[in-house]
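Single-structure report; data block below.
The values are calculated or read from the model by the stated rules, or taken from the named source; none is laboratory data. Remember, it's a predicted structure, so these values are computed and weren't measured experimentally. Neighbour counts run over all protein chains shown; Cβ positions are idealised from the backbone, glycine included. Surface accessibility is based on the protein's heavy atoms, side chains included, excluding ligands, DNA and RNA. Shrake-Rupley method; radii C 1.70, N 1.55, O 1.52, S 1.80 Å.
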Amino acid sequence: MLRLSAISCIILSLLTTAHTENYHWPMDAAPALTSTFGEYRGGRLHAAIDLKTYGKEGYPVTAIADGYVWRIRTSPWGYGRVVYVQLDNGLFALWAHLSGFSKRIEKYVQQEQDRRGTYSVNLYFRPDQIPVKRGEIVGYSGSTGIGVPHLHFELRDAKHRPINPLLHGFDIKDTLPPTIQAIGLAPLNADARVKDGHKPVSHRLAYRTKENIFTHPDTIAVWGPIGIGLKVFDRADDSQLTNRLAPYRIRLLINGEEIFQKTCGLFGYDVTRHGELAYDFYMSRRGLGRFHSLYRKPGNRLPFYGDHKVGSGVLYAGTKTDGAGHELSPGVHRLQIIAEDVKGNRATAIVFLQVQNADRIFPKKNSSQQSRSPKITCKTSYFPTFAVVRITANQTLSEIPTVRAQLSKQWTRNLAVQQTSSQTYQVVIPFDETHADDIDLQIETAGQTQKLRITQQTVTQDSGEMRSDDGLVRVQFEKAGVYETLYGRIVSESQIKDKRMVGTAFRIMPEDVAIKGAKIAFIYPPDHPNIDKLGIYKWNGRNSWTFVDKSRAPSAITGNVRNFGVFALLADTVPPRIASITPANGTVLTQRQPRVAASVWDTSSGIWREEDMVMRIDGKALIVEYDPEENRIFAKPRKPLTPGAHKLEVIVRDICGNESRRTTTFRIK
């Protein structure tokens, strides 16, 4: 059943209005997309379309309509050089990653840079200061900030919410439908299963030319609440060989009835981090790839879903929903997914689900045949809201093991044990959100007793804290720091070695649950000789660390994070490197305003502040521009140098204060 929500009406209204504006194309280059609106960008959503510049820089970027320059910003990071224009109709247009500005704009930028003594500036203007006309050049395409050469073009409404430019008259040739790659199915609680397992599952889909659908040959067995994900990409004609794009709309239907829809029309910057909810963070962290979530998760306030509230899209296979979601009775059901781009090109996937809760029966040994001392091993696997203990025997047992669970003094209960093969069993332990204590298990099998502890450090939306057993690491959450109740744990990772490490690395979990944010604190030894050089780092594998933060609290180093993994406290006492200085020592130049440059990099804490990169000619500081992707700094004197000898000095510091200096001498003819 199709639904038209209030937000859909707004989008359609905007679309109708925008098409009458007859906007000028934002760049003097052949139109081609490299990215589209609403794509996933490392936990946030892409707020623009990216336009291809064919590996080049310097294409003129132009005002799409009459208006005035509202804001200019320059930075080594993020958007790099960026121009904001407020249009006469009240909307805002933004061009980012520019290599330069128009002469009128550049004059203001240089004046502010000279006044501040820094490359980064952030200027706002009155309507009468820099008015622009439709088609007027405001800058030139480039690659400043993040990324290879391209133009990031953004359109915002009067409330500064990004809106999809492809809905507003910026036409791209597109005759190609999306390509559906795979469907993902994720069990969402302790009772749910896909193919009789608790792990999320991905199935690649094959295209059937005759039916014009993507499908899977098998019927997939499901039970309990299941979340559906879709791996899909779109293409446009002029960039089809090089760039994969996100679809504009995805619809989920069960037995012909639409139960969920996601449409990328607009969103606010206050919810851009909800990209971790719009795309399936759980499936991604479990190694399945990047899937669009086709159900609305708790905390997701993105306006992509119309009337579909939290819980919508969840399939309750054989079970009842206590709110939103769609119930499926036992039997076979037809699942259909339609992916669509802005031009209306569509792709359809059809998969069949079998709702069943099958308990298999395995043979048992007579007690007289059983060895007196069967060997029993137990392994615990953790999931977001429950744990599973797998019990393995080295022979077939005459009786199913019994498992008794105790949560401190709160409760004691026997748990159901499921036999999964002739010699394996499993028990599912749902976490208890009303208590933060660990759960102790007692497993009795053939006269043997084993004890296990299931760790659950409960964090609610009201706040919470997790601690390591030794108390050296804690994770603090402010109010509303999690989207829903989180069950965490911290364990040491003693196998990770690094001579810079202070103490032990720790794995903070869960790693597969998206959070709004948390503060990690490492207690440091009070007698450490280089406390000011300590920082928190995240392990990336392959002997690689990423610096997180080095903020100080009483007896601790702290840092804010948005997801978990392995962290450690490291001491950085090694200064950055400086190399490839130009002009090189002894160079003779005829250019009296030479471009000076140097390669700079740091292998630990990194170079993060502009004031830590200094270039001077004859003692006079220059305005230094930094390219963090190329590890290169460069500058140019504002005024011509006099003929004769000149000294270039380069100074670079990392965030821990380690410093390097290099000098060269050159001559001007």
Problem set entry | region 399-412 - residue that is open to solvent by 30 Å² or more (accessible area, probe 1.4 Å) and farther than 15 Å from Asp437 by Cα and, of those, farthest from the chain's Cα centre (by Cα) | Glu399
For this session: Please verify whether region 272-295 includes one or more residues that are assigned to a loop (DSSP other than H, G, I, E, B), open to solvent by 20 Å² or more (accessible area, probe 1.4 Å) and touching a helix residue (DSSP H, G or I) at 6+ places or on another chain (Cβ under 6 Å).
Result: yes
For this session: Name the one entry in Val109, Val138 that is part of a strand (DSSP E or B) and either in contact (Cβ under 8 Å) with a residue 24 or more places away in the chain or more than 21 Å from Ser35 (Cβ to Cβ) (or both).
Result: Val138
Problem set entry | Of residues in region 592-645 being under 26 Å from Thr546 (Cα atoms) and among the hydroxyl-bearing types (Ser, Thr, Tyr), the one least open to solvent (accessible area, probe 1.4 Å) | Ser605
Exercise. Consider Leu302 against the criteria (1) under 26 Å from Ile350 (Cβ atoms); (2) at pLDDT 95 or above: it satisfies all of them except one. Which criterion is unmet?
Worked result: (1)
Exercise. How many residues does region 137-171 contain that are open to solvent by 20 Å² or more (accessible area, probe 1.4 Å), touching a strand residue (DSSP E or B) at 6+ places or on another chain (Cβ under 6 Å) and acidic (Asp, Glu)?
Worked result: 0
Seminar exercise, completed: All-but-one check, Ala521 against (1) more than 24 Å from Arg653 (Cα to Cα); (2) assigned to a loop (DSSP other than H, G, I, E, B), failing number (2)
Problem set entry | Qualifying positions in region 604-652 - within 18 Å of Trp77 (Cβ to Cβ), touching a residue at least 40 places away in the same chain (Cβ under 8 Å), in a loop (DSSP other than H, G, I, E, B) and not polar (S, T, N, Q) | Gly606, Ile607, Trp608, Arg609, Ile623, Val624, Pro628, Glu629
Seminar exercise, completed: Result of the Cβ filter at 9 Å on region 449-477, keeping first residues that are under 13 Å from Ala518 (Cβ atoms) and without any contact (Cβ under 8 Å) to a residue 24 or more places away in the chain and partners that are outside any strand (DSSP E or B) and among the acidic types (Asp, Glu), at least 6 apart or interchain, is Ser463/Glu478
For this session: Would you tally the residues in region 23-53 being under 15 Å from Ala236 (Cβ atoms) and open to solvent by 50 Å² or more (accessible area, probe 1.4 Å)?
Result: 2
Exercise. Name the pairs: first residue in region 183-207 and acidic (Asp, Glu), second residue open to solvent by less than 20 Å² (accessible area, probe 1.4 Å) and assigned to a strand (DSSP E or B), Cβ to Cβ under 8 Å, at least 6 apart or on different chains?
Worked result: Asp191/Gly224; Asp191/Pro225
Seminar exercise, completed: Exactly one of Ile259, Ile250, Ile254 is crowded, with 23+ Cβ neighbours inside 10 Å and in contact with a His (Cβ under 9 Å, 6 or more places away or on another chain), and that residue is Ile250
For this session: Inspect all residues belonging to region 78-97 and state whether any of them is among the polar types (S, T, N, Q), open to solvent by 20 Å² or more (accessible area, probe 1.4 Å) and either touching a Leu at 6+ places or on another chain (Cβ under 9 Å) or over 20 Å from Leu45 (Cα atoms) (or both).
Result: yes
